[in-house]
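Below: one structure, written as structure tokens.
The values are calculated or read from the model by the stated rules, or taken from the named source; none is laboratory data. Predicted model only: the values in this text are computed from it and were never measured. No Cβ is skipped: glycine too gets one built from the backbone with ideal geometry, and neighbour counts run over all protein chains shown. We work out accessible area using only protein heavy atoms, side chains counted, and drop any ligands, DNA or RNA first. Shrake-Rupley method; radii C 1.70, N 1.55, O 1.52, S 1.80 Å.
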Amino acid sequence: MADWPPLKNSAFTVTFPIYDADGDLVSAAATLDSEVSIDGGTFADVAPGEAVEIATASGVYTLALAIAEMNG
């Protein structure tokens, strides 16, 4: 994982929770579609892949952003 704070042109892994409308963590979120918009441009798929859940039933996910995706 990259150091904090995220740096331009440096790969970075972001960690985040997903909540439902009731404020509960969502485990095994289905059909995630991870995309990135650089400098307000058109959204494109994240190159390494989709966000993945950290541990079984945690509701917390990670998303790896490549160097090119951090060039905004």
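A few comments on the model shown:
- Portion, in percent, of the accessible area of the chain that falls on carbon or sulfur, probe 1.4 Å: 58 percent
- Per residue, the chain exposes an accessible area of 67 Å² to a 1.4 Å probe, with every protein chain left in place.
- Once both labels are positioned 7 Å from their Cα atoms along Cα-to-Cβ, the gap between residue 54 and residue 30 label points is 2.5 nm.
- Option label - Rg and Dmax of the Cα atoms in Å computed here, alternatives (1) 12.8, 41; (2) 11.4, 33; (3) 13.2, 37: (3)
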